[in-house]
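Asker: This structure is in structure tokens; I'll ask about it shortly.
The values are calculated or read from the model by the stated rules, or taken from the named source; none is laboratory data. No experiment lies behind these values; they were computed from the predicted model shown. FYI the Cβ positions are ideal-geometry reconstructions off the backbone, even for glycines, and counts take in every protein chain you see.
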């Protein structure tokens with residue numbers, strides 16, 4: 001072995017893991033290297049992993065998992081680390097299994113509209129690899145230029161265009177998974193639909209890396225729509241904007257995307273890298289995209305323009321060129337990061353509400369903002385009711401981070417109270433564990449952890465995520481049950 | 001036989017007219033020594049809890065159309081009928097979501113929603129009899145799955161009564177939701193082996209402004225030519241909601257065209273539908289024939305289509321034995337399935353009606369003939385599916401014959417996970433015992 005392939009550690013686990021992945025170039029174990037892995041896109045909690053390993057194939061993943069399992073070492077899988085809820089944070093000093101070297105596009109089958117990728121393959125690269133043939137991969141989270149499809153499966157990622165085309169789970173046809181005991185299973189062989197048995201594909205997708213580690217993914221790919229047109233609409237009142245959203249849907253139009261930003265969000269995106277000249281004094285901007293057969297698009301655009309005009313729109317127009325359309329989308333898709341231009345720190349939330357409750361929820365979020373003294377910007381997938389309140393704060397001011405977390409949690413409570421949920425696409429992770437109680441009873445949470453026990457009985461894989469710590473009463477019940485059995 | 005004590009115990013929960021002795025037993029089994037008709041979720045929970053505590057088994061039934069689908073028990077102790085557990089719980093037209101009790105018949109739902117210009121994006125068989133609960137529990141879909149998606153794409157929330165009587169909510173009433181595990185998916189297609197789905201929340205779609213059905217028939221029956229045409233359609237920018245190939249017998253029965261026929265349906269604004277019809281007519285291969293059916297004629301065709309498979313709710317068996325198989329393959333391999341199944345007609349002296357989705361990979365083969373011939377042909381259909389790397393499930397067969405075949409085919413390598421889930425949720429095997437794969 002060459003000197004640079006040698007691992008300089010006395011820890012036998014580090015040495016053994018290094019052996020599995022083929023030496024020093026595939027493992028990080030020094031503190032200086034590990035700090036980059038102490039959190040993901042959720043930066044409020046941090047914890048150092050024990051090591052980070054970089055397997056090249058499924059067999060190596062299986063061997064790492066078997067080793068961790070045999071030696072009682074906690075472990076978790078990580079993609080690009082763009083997750084916003086802390087799902088890849090090594091709370092328990094895990095061995096991080098980084099999937100970034102498993103980044104091949106294994107095959108593309110245009111005739112049967114499917115592609116097979118390794119989990120480290122970047123979302124946008126798939127579309128880029130097939131766009132010349134006229135195809136694309138539909139789920140488009142804002143981080144798609146760098147996030148991995150493996151991570152998308154773990155989080156059941158969404159994106160601006162899931163209003164018409166659905167989220168990740170609607171596009172996953174098959175998975176190869178390394179189970180927490182190291183066994184390799186293949187679900188949805190060759191992407192064939194409805195395999196007899198319970199729908200494990202559906203269960204794995206969105207399980208936030210707590211049931212197994214995905215090592216190969218068969219996805220559905222779609223034909224590019226023939227035509228596409230985007231409309232921009234400015235409203236002086238948020239209520240009019242919200243009502244226009246409902247009217248568009250009620251008119252029987254299924255837009256590919258229907259996005260909204262409020263005044264504070266507009267201030268942010270206009271101060272950041274991709275300004276498009278939105279007026280600063282409007283209350284809401286809507287971005288509405290329709291796609292499909294070109295012959296039918298004009299009819300729908302006319303209808304959308306008419307609906308907006310009926311709702312006192314200040315200005316509404318369709319994009320004049322593909323270039324203009326792309327600028328509008330770049331402005332919107334970089335919206336979260338743009339908050340950095342008007343605030344030192346921000347916290348992204350991810351509630352979902354029934355669309356019709358939009359005005360009510362926005363006014364309650366305003367109230368939370370004034371009570372907490374923190375500004376809250378709202379960027380949302382208005383068509384499907386997925387709100388992203390961005391709580392702006394300054395972590396340097398003592399107590400403000402806590403205040404921001406509290407305000408974020410209150411926003412989620414509002415969403416839950418109007419019949420919505422606490423996360424639409426970012427996942428529960430660490431961030432929203434306690435908020436799970438806003439939407440589920442103790443019994444319902446137990447029903448879910450029961451399922452986890454089938455897959456991950458020793459809870460070595462990504463422990464401490466997704467579920468609130470069991471309440472006292474459940475713990476006592478479990479103890480009593482254990483005693484009764486023994 | 002169910003003990004008299006149990007009957008009297010159940011009588012404390014139910015009125016006389018909610019309990020019956022299920023004397024008219026079905027030739028398709030999945031029946032019960034007694035039948036109960038709960039009208040509330042609480043009553044469903046009471047029956048389940050009673051059965052679970054007393055070691056009784058329960059068979060669940062909606063409209064009964066899938067009574068011939070799996071199951072090796074002629075009579076469970078109790079038949080739980082959802083016939084009287086019906087109705088809409090909440091419909092919010094502005095949110096395009098609907099919450100409904102599971103015993104509600106599918107067609108009743110669609111008729112109700114049509115008043116709001118909305119619909120559930122599913123096209124199940126026997127919609128006037130089948131219940132939404134049964135459709136979800138069996139994960140039933142039709143040819144329009146290509147455009148509509150399936151039950152797992154439409155369901156956003158469930159309330160499920162577990163065998164011990166607790167009610168577990170999964171998902172919610174919003175269209176996007178990643179809070180916790182997506183255990184909706186576990187119940188969809190679980191054949192009632194995990195719980196009784198009591199309420200279902202679905203996302204709705206607008207009724208399209210215009211619909212049409214384009215039939216393209218291929219008199220020469222050259223499957224290579226059909227394949228090439230289908231590939232061209234799939235690679236074009238038109239967006240058919242169905243791209244379903246019918247074998248000559250089925251095409252003859254539904255449209256009077258005795259050759260392989262592709263059924264392409266279009267649903268969109270009128271200008272788009274007309275454009276796509278023209279597009280198809282311009283790309284027609286030499287000897288293919290085109291039939292464009294406007295909305296009313298299309299309706300007629302589909303109404304016949306959704307009734308062409310055997311109905312498990314029938315009280316008596318027809319003179320000839322009937323079997324129906326659901327086959328899953330890679331999309332275009334459904335061509336192969338149809339072609340090779342066709343050859344079984346002469347070999348086993350049976351009649352076969354078949355159709356397969358070239359854009360989604362699910363086929364259905366219905367076999368009619370003498371008892372043993374039907375069983376042998378079904379086994380051969382499975383061989384055809386497996387040779388193509390797929391699977392075949394026998395989704396309809398009389399009870400007596402189900403005992404002689406393997407309804408579900410080989411267990412997957414990850415069967416231990418399926419069994420693990422069943423054991424966690426229904427440890428006493430109270431619900432629909434042996435109805436599902438591997439004796440689950």
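Asker: If residue A:289 meets every condition in (1) in contact (Cβ under 8 Å) with a residue 60 or more places away in the chain; (2) assigned to a helix (DSSP H, G or I) apart from one, which number is that one?
Answerer: If we test residue A:289 against (1) in contact (Cβ under 8 Å) with a residue 60 or more places away in the chain; (2) assigned to a helix (DSSP H, G or I), just (2) comes out false.
Asker: Filter segment B:215-229 down to the residues that are within 14 Å of chain A (Cβ to nearest Cβ) and touching a helix residue (DSSP H, G or I) at 6+ places or on another chain (Cβ under 7 Å) and list them by number.
Answerer: Within segment B:215-229, B:226, B:227 qualify.
Asker: Please go through segment B:402-438 and pick out each residue that is more than 12 Å from chain A (Cβ to nearest Cβ), surrounded by fewer than 22 Cβ atoms within 10 Å (Cβ to Cβ) and touching a helix residue (DSSP H, G or I) at 6+ places or on another chain (Cβ under 9 Å).
Answerer: Correct list: B:404, B:405, B:428, B:429, B:433.
Asker: Further question on the same structure: Of everything in segment A:367-391 that's under 25 Å from residue A:42 (Cβ atoms) and part of a helix (DSSP H, G or I), which residue is nearest to the other protein chains (Cβ to nearest Cβ)?
Answerer: A:384
Results for (1) in contact with a strand residue (DSSP E or B) (Cβ under 9 Å, 6 or more places away or on another chain); (2) in contact (Cβ under 8 Å) with a residue 60 or more places away in the chain; (3) more than 20 Å from residue B:359 (Cα to Cα), shown as yes or no for each residue.
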{"residue": "B:265", "(1), (2), (3)": "yes, yes, no"}
{"residue": "B:271", "(1), (2), (3)": "yes, no, yes"}
{"residue": "B:277", "(1), (2), (3)": "yes, yes, no"}
{"residue": "B:282", "(1), (2), (3)": "no, no, yes"}
{"residue": "B:285", "(1), (2), (3)": "yes, yes, no"}
{"residue": "B:295", "(1), (2), (3)": "yes, yes, yes"}
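Asker: Can you tell me how many residues in segment A:56-67 are under 15 Å from residue A:184 (Cα atoms) and under 27 Å from the mean Cα position of the chain (by Cα)?
Answerer: Total satisfying the criteria: 7.
Asker: Given A:64, A:89, which one is outside the structural domain of residue A:426 (by TED's automatic domain parsing) and either part of a loop (DSSP other than H, G, I, E, B) or over 24 Å from residue A:175 (Cβ atoms) (or both)?
Answerer: A:89
Asker: Only one of (1) surrounded by fewer than 21 Cβ atoms within 10 Å (Cβ to Cβ); (2) on the phi > 0 side of the Ramachandran plot fails for residue B:153. Which number is that?
Answerer: Of everything listed in (1) surrounded by fewer than 21 Cβ atoms within 10 Å (Cβ to Cβ); (2) on the phi > 0 side of the Ramachandran plot, residue B:153 misses just condition (2).
Asker: Being surrounded by 19 or more Cβ atoms within 10 Å (Cβ to Cβ), in contact (Cβ under 8 Å) with a residue 24 or more places away in the chain and at the interface with another protein chain (Cβ under 10 Å from one of its Cβ atoms), is that true of even one residue in segment A:403-415?
Answerer: Checked against the condition, which is being surrounded by 19 or more Cβ atoms within 10 Å (Cβ to Cβ), in contact (Cβ under 8 Å) with a residue 24 or more places away in the chain and at the interface with another protein chain (Cβ under 10 Å from one of its Cβ atoms), segment A:403-415 yields at least one hit.
Asker: If we only count helices (runs of 4 or more DSSP H) wholly inside segment B:124-224, which ones have 1 or more residues that are over 16 Å from the mean Cα position of the chain (by Cα) and outside the structural domain of residue B:240 (by TED's automatic domain parsing)?
Answerer: Hits in segment B:124-224: B:145-148, B:184-187.
Asker: Here is a follow-up. Name the one entry in B:255, B:249 that is over 23 Å from residue A:224 (Cα atoms), touching a strand residue (DSSP E or B) at 6+ places or on another chain (Cβ under 9 Å) and surrounded by fewer than 20 Cβ atoms within 10 Å (Cβ to Cβ).
Answerer: None of the others qualify; the one that does is B:249.
Asker: If we keep just the residues of segment A:434-455 that are surrounded by 21 or more Cβ atoms within 10 Å (Cβ to Cβ) and in a loop (DSSP other than H, G, I, E, B), which is farthest from the other protein chains (Cβ to nearest Cβ)?
Answerer: It comes out as A:435.
Asker: Using the structure shown, decide if residue A:241 is surrounded by 23 or more Cβ atoms within 10 Å (Cβ to Cβ), part of a loop (DSSP other than H, G, I, E, B) and more than 9 Å from every other protein chain (Cβ to nearest Cβ).
Answerer: No: the conditions fail for residue A:241.
Asker: Further, regarding this structure: In the set A:84, A:76, A:126, A:34, which member is within 14 Å of another protein chain (Cβ to nearest Cβ) and either crowded, with 23+ Cβ neighbours inside 10 Å or part of a helix (DSSP H, G or I) (or both)?
Answerer: Sole residue among the options that is within 14 Å of another protein chain (Cβ to nearest Cβ) and either crowded, with 23+ Cβ neighbours inside 10 Å or part of a helix (DSSP H, G or I) (or both): A:84.
Asker: Restricting to segment A:318-352, name every residue that is farther than 30 Å from residue A:393 by Cα, modelled with pLDDT under 95 and touching a helix residue (DSSP H, G or I) at 6+ places or on another chain (Cβ under 8 Å).
Answerer: Correct list: empty.
Asker: Taking residue A:217 as the residue in question, decide whether it is in a helix (DSSP H, G or I) and outside the structural domain of residue A:425 (by TED's automatic domain parsing).
Answerer: No: the conditions fail for residue A:217.
Asker: Ok, one more. Among the listed residues A:425, A:431, identify the single one that is in a loop (DSSP other than H, G, I, E, B), surrounded by 24 or more Cβ atoms within 10 Å (Cβ to Cβ) and at the interface with chain B (Cβ under 9 Å from one of its Cβ atoms).
Answerer: On inspection, the qualifying residue turns out to be A:425.
Asker: Any chance segment B:270-291 includes a residue that's within 20 Å of residue B:229 (Cβ to Cβ), part of a strand (DSSP E or B), away from chain A (no Cβ under 14 Å) and in contact with a helix residue (DSSP H, G or I) (Cβ under 9 Å, 6 or more places away or on another chain)?
Answerer: Yes.
Asker: Hey, another quick one. Could you tell me which of the residues B:358, B:332, B:338 is within 14 Å of chain A (Cβ to nearest Cβ), buried (at least 24 other Cβ atoms within 10 Å of the Cβ), touching a residue at least 40 places away in the same chain (Cβ under 8 Å) and at negative phi?
Answerer: Checking each option against the conditions leaves just B:358.
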